[in-house]
Amino acid sequence: MRIISGENKGVHLKAVPGTGTRPTTDKVKEAIFNMIGPYFEGGKALDLFAGSGGLGLEGLSRGLDSVIFVDKDRMAVQTIKHNIEKCGYQDRSEVYRNDAERALKAVSKRDITFECIFLDPPYKKQQLEKLLEWIIRDDLLADSGVVMCEHDEKVMLPEEIGYLILTRQEQYGGTVISIFKKKSISGEGEHDET
C-alpha cells in the first residue's frame, strides 16, 4: 500500500493491524482518483471510514489543502496518525475516533463544505444511502464536490438521491466505485458514459 501520485508518490503506508479493516487496493485507488481528479487545486476532504488513511493521504498528495480523517477503530486511528506523520501532513490533517453519524453531526456544526467525501464503510455494515442523506441534510458537499462510495457489487445505489446524482460507476472484481455529484443549477445532471 503506497501513495500512487503527487508530491509523496511512492511513500509506503502502514496497514491497520488485524483483519477488521479492508484496505483499498492501489489499482482501485488509482481508478478512483482518475475518476475524481486526478489532481486538485486545494479544497477540503472528509475520509469517513478512513482505515489506514490511504484515500485522504492520496488526496493530500494530489493537491487537497486538508483532510479530516474519521474511524471508530482505535488501531485504525493510531495507523492514520502514523501514516500522516510519515507523509509530513500533520498541519493539514485532523484525526477523530468516532462513528460516521456523530462525525457528520460534528462537522456540520463547523460550517465546512468538502470537495471530496470518501465513503468506504465495511462491506457488511454498509448504509450508504443513509450516509448520503445525512450529507445532503447538512449540505456538506461543495458545489463542485464529489462523493466517492466504495461498495460491494451486491449494493445497489439509486441514480439520484436528493440533490446528488450518480455520475459514474465502475466495477473492479467484487468492488464497485460510485461517484456522486450535485445536480447542476438547471436540474440537469451530467452522466459520464460507463
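Worth a mention:
- Across the chain, the relative contact order, built from alpha-carbon pairs under 8 Å that are at least six residues apart, equals 17 percent.
- Global geometry of the chain, whether rounded, prolate or oblate, following the gyration tensor of its Cα atoms and the 1.5 cut on a/c: rounded
- Taking amide hydrogens as placed 1.01 Å from N in the peptide plane, the amide H of VAL146 sits under 5 Å from those of CYS116, ILE117, each at least 5 positions away in sequence or on another chain.
- Label-to-label distance, nm, for residues given as GLU129 and MET156 (7 Å Cα→Cβ offset): 1.0
- Across the stretch 164-180, coupling constants 3J(HN,Hα) worked out from phi with the 6.51/-1.76/1.60 Karplus curve, θ = phi - 60°, read 9, 10, 6, 9, 7, 8, 9, 10, 10, x, x, 9, 10, 10, 10, 10, 10 Hz, and Gly and Pro carry x.
- Short-range pairs are left out: with C-alpha atoms under 8 Å and at least six residues apart, the relative contact order of the stretch 1-108 is 26 percent.
- Near ASN98, the amide H atoms lying under 5 Å from its own belong to ASP71, LYS72; only residues 5 or more places off or on other chains count, and H is placed 1.01 Å from N.
- Net charge dipole size for the chain [Lys, Arg +1 and Asp, Glu -1 on Cβ; Debye, nearest 20]: 860
- The stretch 5-57 - Debye-derived log10 I(q)/I(0), Cα point model, q = 0.18, 0.19, 0.25 Å⁻¹: -0.66, -0.74, -1.24
- The long axis of helix 26-36 is offset from the longest Cα principal axis of the chain by roughly 40 degrees.
- A 1.4 Å probe run over the protein chains yields, for the chain, 50 Å² of accessible area per residue, whole-number rounding.
- Fraction of accessible area attributable to carbon and sulfur, the chain (%, probe 1.4 Å): 45
- Among 98-106, 79-87, 65-73, the order from most to least packed when residues are scored by Cβ within 10 Å on average: 65-73, 79-87, 98-106
- Neighbours of GLU30 by Cβ distance under 12 Å: Lys/Arg scored +1, Asp/Glu scored -1, total +2.
- Derived scalar couplings ³J(HN,Hα) [the stretch 72-81; Karplus, 6.51 cos²θ - 1.76 cosθ + 1.60; whole Hz; x for Gly, Pro]: 8, 8, 4, 5, 5, 4, 5, 5, 4, 4
- Each of GLY18, TYR89, GLY162 was placed along the dipole of the chain (beta-carbon charges, centred on the mean Cα), and the one lying farthest toward the positive end is GLY18.
- Assigned charges on the beta-carbon of Lys, Arg, Asp, Glu; the stretch 5-100 dipole about Cα centre (debye): 280
- When each of LYS9/LYS154; LYS109/LYS183; LYS72/LYS183 is checked by Cα-Cα distance, pairs over 29 Å: LYS9/LYS154; LYS72/LYS183
- FRET efficiency for the ALA106 to HIS82 pair, using the beta carbon distance and R₀ = 22 Å, is estimated at 0.40.
The values are calculated or read from the model by the stated rules, or taken from the named source; none is laboratory data. Nothing here was measured: the structure is a model prediction, and the numbers come from that model. Because the Cβ atoms are built from the backbone with ideal geometry, glycine has one as well, and the counts that use them run over all protein chains shown. SASA here: full protein model, heavy atoms, side chains in, ligands and nucleic acids out. Shrake-Rupley method; radii C 1.70, N 1.55, O 1.52, S 1.80 Å.
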